[in-house]
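The values are calculated or read from the model by the stated rules, or taken from the named source; none is laboratory data. These figures come from a predicted structure and were not determined experimentally. FYI the Cβ positions are ideal-geometry reconstructions off the backbone, even for glycines, and counts take in every protein chain you see.
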């Protein structure tokens, strides 16, 4: 052991100790034999208990255990403090794991420095421990988020290719089908289904983005639960029928009223039903049940499908979360359907939870929503439309279609002409103004992002023309955010539709009078 410390040496260490108290990290000092002589409050919190000063059992801080990042134990006589004292030089340690007495572990960076007097005599050592546990967790969370992003992009690519393949095949079939009406009709139905799948995929992405940015607008009013259930079942029925699954429904006899958006609540229930259909084998059973429980209603979707592993349950409603399944069990989807369900339910002041006893034991999803005591105003029902109308109308309209995509403009023009309308096309903003002046259309369907002159500026110029006050101006674009809609309205558009447009929705607008312009 080194000779007894002089009062001058003790004063020097005391100054070090006062400095340690000011540090924002854990720090402690040892004498030349490795016995702890001082520690600050940060060290106490890191260790989990106070060591006994100058106690041999606490040599090199025996109050905690040390591990390398690979889990290998590190002996205290081989720690950075011990090496600094033994070799009388600085030791900057790499990452090490400190285990507290109760078992909690913290990741730290250790830096041991020997302390000498003016004559070179070793007085002891100072060890600095920087707790990087929270930084490590954040780093691991970022890596997990990056992994899930890469997985999502891979799944997105897969999901977009899935419908694109039959669409391309369908085009080839139509070219070679000749006059075979049965094959042509079968191919049309298939292409319509696949296009619908792509539209739902993109709509889900946009809805989830609006929810996370708190930009999704709900059209709330008093509605009947039975209408929500019927709408959801109609939308989910094809997915259930495709695999010959059995759907049972049990609801209270008395009317149950909710205050919410009928379309969005039906979307919630439809997503849960199709999710069960996706992961339930052919011939399986899906049960939808509604129970009135005081001031709320519990909607339960139960299946006897492949179930959910316990490790996946806590994150099942997270964005881009997909339960890990085998290739044989993999269903379509981006892993955003349940995140969308949670977002929509929470916007209705409700809750949603998932339960499963594990793989092969089915799943149960429960949505709880507040109920209202009176029916209030009934939800208006949309007028029935003929899905095969192809924009047919008894009124022959003059329509100008403007889009820098020749295929988009020409295909829509053909569809409108088949409906008995007189149609012209233009492919940029400048050409749109010239065509509008010569053609004097009743309706202008115009893209927004175009070369030479964008659709917003073209709309402003058209609205400045003296004859344009009766023209119905409709933006038809891929940009569908709230800000895009606001800008198109400010530019003079009467309506804002996102591509691909629903033919029935467009037909309804074409037959409506121009709305009054917004004031202010």
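Structural remarks
- The residue list 239, 235, 244 contains one member that is without any contact (Cβ under 8 Å) to a residue 60 or more places away in the chain, out of contact with any helix residue (DSSP H, G or I) (no Cβ under 7 Å at 6 or more places or on another chain) and surrounded by fewer than 23 Cβ atoms within 10 Å (Cβ to Cβ), which is 244.
- Qualifying positions in the range 248-267 - in contact with a strand residue (DSSP E or B) (Cβ under 9 Å, 6 or more places away or on another chain) and surrounded by fewer than 12 Cβ atoms within 10 Å (Cβ to Cβ): 248, 250, 254, 255
- Selection count, the range 433-470, where residues are over 40 Å from the mean Cα position of the chain (by Cα) and either within 18 Å of residue 488 (Cα to Cα) or assigned to a helix (DSSP H, G or I) (or both): 12
- Odd one out for residue 51 among (1) at pLDDT 80 or above; (2) outside any helix (DSSP H, G or I); (3) buried (at least 18 other Cβ atoms within 10 Å of the Cβ): (1)
- Test: residue in the range 181-189 that is surrounded by fewer than 17 Cβ atoms within 10 Å (Cβ to Cβ) and under 23 Å from residue 349 (Cα atoms): no
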